[in-house]
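The values are calculated or read from the model by the stated rules, or taken from the named source; none is laboratory data. Everything numeric in this text was worked out from a predicted model, so none of it was measured. Every residue, glycine as well, gets a Cβ built from its backbone with ideal geometry; the counts of neighbours run over all protein chains shown.
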Amino acid sequence: MIKYELLFLGLLREKPQHGYEIKRKIKEILRVFAGIDLKSIYYPLRVLEKKGLVSRHVTKVIRRPQRFTYTLTPKGRARFEVLLNRSFLDFKRPQFSLDLSLYFLKYVTPTVGKRRLRGRIFILNRLSQGLRQMLKKEKNLSFSLVLIIEHNLKMLEAEIQFLKNLIRTL
């Protein structure tokens, strides 16, 4: 829940938002990097509200149904700062789906292993191209999203290089 707390509190740190805005922003962030899977945004928001980290206000626009706008409380702002500072120094080992396959690599023939690894390189190259296009095409990307894209590009490049070296050794 800490990762989700950081996400929700951070988004509300930018400005008070209603649920749909939060959901849209999460999708915008998720298209750039993975690792967060939310089925519902309203349950975590209720949890944060119960903890006193956010407050909810009813807003009504003419001829539209009422909406709830969520605002960061002072307690929520303090919690966000703690989580943000802690996250910079959090060195949890990243998990790559490839690691388990590499552990059992000895159970596939070198021909099959090389073919699968080349397939992975193909997919990683397509991901890299998509991220590069995003950097070129979308002029309104925030500085934060540019940093995230660049970070992901570096990680993709490192994995591609690792896989090419591995294929040579098989």
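Some values worked out for this structure:
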quantity	calculated
For Ile167: the one exception among (1) in contact with a helix residue (DSSP H, G or I) (Cβ under 6 Å, 6 or more places away or on another chain); (2) within 17 Å of Ser97 (Cα to Cα)	(2)
Pairs, first part of a helix (DSSP H, G or I) in the range 22-43, second at pLDDT below 75, C-beta under 8 Å, six or more apart	Ile26/Ile36; Ile26/Leu38; Ile29/Ile36; Leu30/Ile36
Complete set of residues in the range 45-98 that are over 24 Å from Ser144 (Cα atoms), modelled with pLDDT under 90 and either among the basic types (Lys, Arg) or touching a Pro at 6+ places or on another chain (Cβ under 6 Å) (or both)	Lys60, Arg63, Arg64, Arg67
Residues satisfying the stated conditions in the range 75-90, i.e. over 13 Å from Phe8 (Cα atoms) and more than 20 Å from the chain's Cα centre (by Cα)	Lys75, Ala78
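Okay, residues lined up against (1) outside any helix (DSSP H, G or I); (2) touching a residue at least 12 places away in the same chain (Cβ under 8 Å); (3) not polar (S, T, N, Q):
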residue: Ser87; (1), (2), (3): no, yes, no
residue: Val112; (1), (2), (3): no, no, yes
residue: Leu117; (1), (2), (3): no, yes, yes
residue: Asn125; (1), (2), (3): no, yes, no
residue: Asn140; (1), (2), (3): yes, no, no
residue: Gln161; (1), (2), (3): no, no, no
